[in-house]
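Asks: My questions all concern the structure below.
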Amino acid sequence: MEKGCPNCGRMIDAGQQVCPYCNYNFEQLDEMFIKYEKEKLKEFVMPKYGGFIKRIVATSLDLVIFSVIFGIINLVYLYFTVPNYYSDLFNFLVDFAHIDIAVILKNYFIFILFPIFYFFYCVFRQSSKKMGTIGERLLGLEVVDENDSPISFSKAFGRNLARILNILTLGIGFLIIIFTPKKQALSDIVSHTYVTNKITRENYSEFRYANPLIRLLAYFIDMAYLYLLVWGYKWLASLPILRESSTTDFASTIVLIIGIILLLYMVIYFPYMESRSGATFGKKILDIKVVSLQGETLSFGKALIRMIILLFETIIPFSILLSFVMPRRQTLKDVMTKTIVINKH
């Protein structure tokens with residue numbers, strides 16, 4: 001059995017550690033591969049405990065979901081219980097500062113129940129087999145005890161009750177997650193619980209994930225491109241020739257048709273481009289693309305859902321920061337649609 005020397009190219013006996021022709025030491029090659037494997041493993045190391053950003057995004061996501069549900073319930077309730085509610089809504093908002101507190105309590109009692117329902121939602125989810133709320137599960141977080149085991153109902157009840165301490169300390173009880181060794185909030189310390197990362201290296205592929213700052217720059221390029229299209233449309237619509245009496249009707253129709261086409265293009269721009277080639281113009285310029293976890297091009301439906309979630313990311317600003325702490329550099333829309341943004345080369 002022979003092997004080739006990487007230095008001089010000659011074939012030598014496989015058992016030799018030093019090349020007899022150029023004195024190349026094969027242990028150097030072994031050390032290089034060992035170092036490479038260590039660096040690759042280091043890149044995918046997942047901290048055991050969930051950090052501040054991931055936890056605040058998970059909580060924000062739960063609150064957004066609950067707010068939407070309760071908002072719909074409250075609108076239905078007001079529709080059937082308050083005469084002419086929708087016709088008087090504007091006046092209600094205008095006169096809000098002068099409305100009696102009793103009226104507010106009567107019309108918006110469902111939102112008074114919000115914290116109570118949210119409290120028990122967290123208790124039941126965290127003490128169940130799920131070991132976390134919807135937001136926590138989406139971000140791969142689990143609530144455990146000192147033995148890394150699921151917590152009991154009573155411990156979950158005490159943990160969520162202790163969250164009041166986080167509020168009473170003006171948020172400092174939650175901010176200490178950044179400084180505590182095991183990323184515990186004050187409520188975690190009191191209840192002897194921990195929030196851990198469920199996802200391990202085995203969940204990750206070997207793609208080269210795009211730098212978050214490059215992704216952000218690509219997004220700005222795309223928005224600048226769409227803005228230029230809007231500016232061009234406004235310039236076209238303001239041309240003096242279109243205001244002449246002889247062309248007014250015809251020009252108005254043409255401008256309207258162009259405006260509708262432009263609006264449709266802006267709506268489908270992201271999903272169409274990402275489902276067609278995996279990249280918008282901004283991503284193409286910076287040589288990155290969005291794919292599924294398996295590296296496949298997205299369907300139009302998934303790309304459309306991804307764009308819709310992008311709108312929610314503006315409601316939860318911290319979700320943008322997720323890409324800096326997630327091993328796969330994912331934002332909220334990536335996590336929820338099981339997609340990643342990678343370097344093409």
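The values are calculated or read from the model by the stated rules, or taken from the named source; none is laboratory data. Predicted, not measured: the structure shown is a model, and the values here were computed from it. Here Cβ is always computed from backbone atoms with ideal geometry, including for glycine, and neighbour counts include all displayed protein chains.
Asks: Go through (1) under 26 Å from I285 (Cα atoms); (2) assigned to a helix (DSSP H, G or I); (3) at pLDDT below 90 and name the single condition W231 misses.
Replies: Failing condition for W231: (3).
Asks: Across the stretch 276-294, which residue is modelled with the highest pLDDT among those that are under 19 Å from the mean Cα position of the chain (by Cα) and either loosely packed, with under 15 Cβ neighbours inside 10 Å or part of a helix (DSSP H, G or I) (or both)?
Replies: K283
Asks: Out of (1) touching a Phe, Trp or Tyr at 6+ places or on another chain (Cβ under 6 Å); (2) surrounded by fewer than 18 Cβ atoms within 10 Å (Cβ to Cβ), what's the single condition that is false for S154?
Replies: Condition not satisfied by S154: (1).
Asks: Next question. Hey, among Y269, Y265, which residue is over 20 Å from F207 (Cα atoms), among the hydroxyl-bearing types (S, T, Y) and within 22 Å of the chain's Cα centre (by Cα)? Write out each step before concluding.
Replies: Working: Y265 fails: within 22 Å of the chain's Cα centre (by Cα).
Residue meeting the stated conditions: Y269.
Asks: Give the number of residues within the stretch 266-275 that are more than 17 Å from Y227 (Cα to Cα) and surrounded by fewer than 15 Cβ atoms within 10 Å (Cβ to Cβ).
Replies: 0
Asks: Separate question: Out of the residues in the stretch 295-308 that are of a type in the set (A, V, I, L, M) and crowded, with 21+ Cβ neighbours inside 10 Å, state the one that is nearest to the chain's Cα centre (by Cα). Break it down stepwise before answering.
Replies: So in the stretch 295-308, the residues of a type in the set (A, V, I, L, M) come out as 298, 303-305, 307-308.
Those left that are additionally crowded, with 21+ Cβ neighbours inside 10 Å: 298, 303.
Numbers: L298: 17, A303: 14 Å.
By that ranking, first place goes to A303.
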